[in-house]
């Protein structure tokens, strides 16, 4: 597993131009689809001459230095000419990242992300509804052996990673910055867990900082890697809708979790469902589907009823517990509505992970 | 001429004897009081002068020096008036000074010679008995309170003339029989007023039976305060000793007084209260709300709004049952054995879990809000229960229960607890395995586990189980307080 000279030169160039890209007002995706020399002439400005010279001077020795620098921090490199490069990413065409930097445990790090992986994305300012749904769906997908991809941001992203990890599943975090450090920093604990049980991927090298444009650019990598992009909760202007838009461009499914109408954090997802508008642009209606749970998602990828979400919870319930679970699902969804004689049954349901209690005593049926 | 009269001052919650000495000698007319008195004591000169003259006695036009001994003890308040006047009359020969040796006087004088009530009569009476005083003279409407102390003759008088008569034994007006000051507040609040709210009622019962602290979580206006106010009605009544203790504290604080407090106190300080207001303090240290709630209920509504230092100050008193205030070289101890009931909204907007989608708080908002409450104070709260709006049909139904029924169960449970005190709580095998799986899920800390077992033990006592059954334990798990770590990832 390695990266070839032209691809490394390409990455070197983008890293060299990072500051120039940050200042641009054009969409970063379009920039990243340009040829090397086009990029230099478009962004170079005053530095144009010097950049052309430096580009010409980039040698095999420089490429080797990059490979060594990556190896030093245990980052594996794979370029788009290599066989281990995830084939589904090539759907991004010219925008496909030249080199992927991957961190992970030894056997996993060289394995390309499977092409039936599911991306779960959404807003940082998620509500408990969104976080609960993200964790639940990710957990069920993981239990069905599906890899969950997300961006490790607070809110939905983290909930998805955590949900998958909790089920012992594989999960992939696509970072905007260097792959060997956690971003954002307060997600360090989550980062370590992902790195231990999954993969952390970035299109930039270990020496880069996290640029704002890169946060937007990595959305295309998330969409490109996944067979379906599921948007859990997103306000009207949300990065998650950019991911959905890229999924559309890669001709992939877009799954959307419907939210309460009028709730700002679900404004973008509901708009996507109603008007097929993602990131202020129209997407193909045929590709957008409302999803309620992991089963809906698996049915979209594999066809109806081919892959089943294993029922982790219900098998272990007594008749009384199942009865109470049905009642909660039917609308008695607050602990204060459960009569005293059933309370210990409710506690058993909580203990078995069939029901979760939220703030205010709201009850949510899990895994259904 | 010289004379001395005994009186008492209150130091924290303790009576301290003070000897009022008066010396009269020829010289330019003057009236000086020494002995570390505050402004009220200095002003006492004017009250004593007017009261003596308006009661038909002569105020000696000589050099008068009064000393409040021990001179090292700071003295505050107008409670020395009566003793000063009596000593002055004795020193000026207007009454035989021989009679003022085994008598103590306590009260403030008005300008026309009436004796006015001063806080702390009960504590003073206890101090008088302790010091072997035969007769205590107090203002009339504190007579009942002072008479709660047995083995002491109490004279309840109206004015300075009566003080002299009572001191010389000419006429000793008997105090009114001790009154029972059952609540000074509203008429008795009863659980029979409550509709719906089955779960909170259960939590109140468990809290009362095991003296567990309780957190009520629910949207505004759903009845958290209403429920908390009814908690004293299901607690066992105060015993004689406890009642005296409570009465003493309240009397000294100038709240209530005049009789015995039989009902458990309920204090609901506003959230702007300072740390000193909560646990006691001030230049002359006074009892705080936690002490005024001693043997009763301290209710903190809107827990998140209380200042951090105030809540932090409550930690040690909640654990130890007393607060020690140190001022200069003195350390004063105030008892604070309270049941803490706290109420809070579930989230910043208050509507989480209300069933509709009114709550628009994000998970980060929730965490931030919870973190404000979080910390060592929550660690001392065993029970947490959600309070939600009762449905229309629940409101129409008759009440579940009355305070009397619940109190009976609480008393039985406490009785059983007393018999079990020495034994460690034992779990039935099924309960043990349930505890295991709950602990293995990782939601419980070791401390949380102990708390669940403690609550389960109380529930077992309520149900009359000798050992903790699985059902008792499940109920305790349901009523446990969730830590901040458990909150995220839970859907509303």
Worksheet entry | Given (1) free of Cβ contacts under 8 Å to residues at least 60 places away in the same chain; (2) under 28 Å from the mean Cα position of the chain (by Cα), index of the condition residue A:47 fails | (2)
Item to complete: Please give the strands (runs of 3 or more DSSP E) falling wholly within region A:259-367 in which 3 or more residues are touching a strand residue (DSSP E or B) at 6+ places or on another chain (Cβ under 7 Å) and modelled with pLDDT under 90.
Response: A:355-357, A:363-365
Worksheet, complete the sentence: Result of the Cβ filter at 7 Å on region B:345-371, keeping first residues that are more than 18 Å from residue A:267 (Cβ to Cβ) and partners that are surrounded by fewer than 16 Cβ atoms within 10 Å (Cβ to Cβ) and at pLDDT below 80, at least 6 apart or interchain, is B:351/B:358; B:367/B:484; B:370/B:484; B:371/B:484
Worksheet item: Inside region B:174-289, counting only helices (runs of 4 or more DSSP H) that do not spill past its ends, which hold 1 or more residues that are surrounded by fewer than 16 Cβ atoms within 10 Å (Cβ to Cβ)?
Response: B:224-229, B:240-252
Practice prompt. Please specify each residue of region B:321-343 satisfying the condition of being surrounded by fewer than 18 Cβ atoms within 10 Å (Cβ to Cβ) and either over 27 Å from residue B:15 (Cβ atoms) or without any contact (Cβ under 8 Å) to a residue 12 or more places away in the chain (or both).
Written response: B:324, B:326, B:328, B:329, B:331
Response to the item:
The residue from A:17, A:89, A:13, A:51 that alone is closer than 28 Å to residue A:229 by Cα, modelled with pLDDT of 90 or more and in contact with a helix residue (DSSP H, G or I) (Cβ under 7 Å, 6 or more places away or on another chain) is A:89
Discussion item. Could you check region A:354-363 and list, in sequence order, the residues that are more than 8 Å from chain B (Cβ to nearest Cβ) and either over 29 Å from the mean Cα position of the chain (by Cα) or under 19 Å from residue A:309 (Cα atoms) (or both)?
Written reply: A:354, A:355
Discussion item. Here is a list: A:366, A:351, A:273, A:257. Which entry is within 14 Å of chain B (Cβ to nearest Cβ), free of Cβ contacts under 8 Å to residues at least 40 places away in the same chain and buried (at least 17 other Cβ atoms within 10 Å of the Cβ)?
Written reply: A:351
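Matching residues to (1) within 16 Å of residue B:7 (Cα to Cα); (2) part of a strand (DSSP E or B):
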position	(1), (2)
B:119	yes, no
B:129	yes, no
B:151	no, no
B:154	yes, yes
B:171	no, no
Worksheet, complete the sentence: When residue A:324 is run through (1) in contact with a helix residue (DSSP H, G or I) (Cβ under 7 Å, 6 or more places away or on another chain); (2) facing chain B (nearest Cβ under 8 Å); (3) without any contact (Cβ under 8 Å) to a residue 60 or more places away in the chain, the failure sits at (2)
Item to complete: Being more than 14 Å from residue A:231 (Cβ to Cβ), within 15 Å of the chain's Cα centre (by Cα) and either touching a residue at least 40 places away in the same chain (Cβ under 8 Å) or away from chain B (no Cβ under 14 Å) (or both) narrows it down to one of A:144, A:117, A:160, A:106, so name that one.
Response: A:117
Practice prompt. For region A:327-348, name all the residues that are within 23 Å of residue A:291 (Cα to Cα) and either surrounded by 19 or more Cβ atoms within 10 Å (Cβ to Cβ) or within 8 Å of chain B (Cβ to nearest Cβ) (or both).
Written response: A:328, A:333
Worksheet item: Which residues, counting only those in region B:84-117, are closer than 11 Å to residue B:139 by Cβ and surrounded by fewer than 24 Cβ atoms within 10 Å (Cβ to Cβ)?
Response: B:108, B:110, B:114, B:116, B:117
Item to complete: Kindly indicate which of B:26, B:15 is modelled with pLDDT under 95 and touching a strand residue (DSSP E or B) at 6+ places or on another chain (Cβ under 6 Å).
Response: B:15
Worksheet, complete the sentence: The strands (runs of 3 or more DSSP E) lying entirely within region A:48-147 that contain at least 1 residues which are surrounded by fewer than 19 Cβ atoms within 10 Å (Cβ to Cβ) are none
Worksheet item: With respect to residue B:197, is the statement that it is within 30 Å of residue B:349 (Cα to Cα), modelled with pLDDT of 85 or more and away from chain A (no Cβ under 14 Å) true?
Response: no
Fill in: residue B:390 vs. criteria within 12 Å of chain A (Cβ to nearest Cβ) and either without any contact (Cβ under 8 Å) to a residue 24 or more places away in the chain or out of contact with any strand residue (DSSP E or B) (no Cβ under 7 Å at 6 or more places or on another chain) (or both)
yes
Worksheet entry | Every residue from region B:436-455 that is in contact (Cβ under 8 Å) with a residue 24 or more places away in the chain, more than 11 Å from chain A (Cβ to nearest Cβ) and within 25 Å of residue B:412 (Cβ to Cβ) | B:451, B:453, B:454, B:455
Fill in: Unmet requirement for residue B:220, which otherwise passes all of (1) away from every other protein chain (no Cβ under 14 Å); (2) out of contact with any strand residue (DSSP E or B) (no Cβ under 9 Å at 6 or more places or on another chain); (3) touching a residue at least 40 places away in the same chain (Cβ under 8 Å)
(1)
Discussion item. I'd like to know if region B:398-417 contains one or more residues that are within 13 Å of chain A (Cβ to nearest Cβ), in contact (Cβ under 8 Å) with a residue 12 or more places away in the chain and farther than 30 Å from residue B:246 by Cα.
Written reply: yes
Discussion item. With the structure loaded, tell me whether residue B:423 is at pLDDT below 85, part of a loop (DSSP other than H, G, I, E, B) and either away from chain A (no Cβ under 13 Å) or under 30 Å from the mean Cα position of the chain (by Cα) (or both) or whether it fails that test.
Written reply: yes
Discussion item. Given (1) in a helix (DSSP H, G or I); (2) closer than 30 Å to residue B:283 by Cα, identify the lone condition not met by residue B:407.
Written reply: (2)
Discussion item. Tell me yes or no: at least one residue of region B:343-365 is more than 14 Å from every other protein chain (Cβ to nearest Cβ) and under 24 Å from the mean Cα position of the chain (by Cα).
Written reply: no
Worksheet item: Which one is nearest to the other protein chains (Cβ to nearest Cβ), of the residues in region A:120-130 that are in contact with a strand residue (DSSP E or B) (Cβ under 9 Å, 6 or more places away or on another chain) and modelled with pLDDT under 90?
Response: A:128
Fill in: Matching residues, region B:442-468, being crowded, with 20+ Cβ neighbours inside 10 Å and outside any helix (DSSP H, G or I)
B:468
Worksheet item: Which members of region B:290-314 meet the condition of being touching a residue at least 60 places away in the same chain (Cβ under 8 Å) and in a strand (DSSP E or B)?
Response: B:297, B:299
Practice prompt. Could you list all residues from region B:317-351 that are more than 24 Å from residue B:304 (Cα to Cα) and part of a loop (DSSP other than H, G, I, E, B)?
Written response: B:328, B:329
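The values are calculated or read from the model by the stated rules, or taken from the named source; none is laboratory data. What you are looking at is a predicted structure, and each value in this text was computed from that prediction instead of being measured. Glycine also receives a Cβ, built like all others from the backbone with ideal geometry; neighbour counts cover every protein chain displayed.
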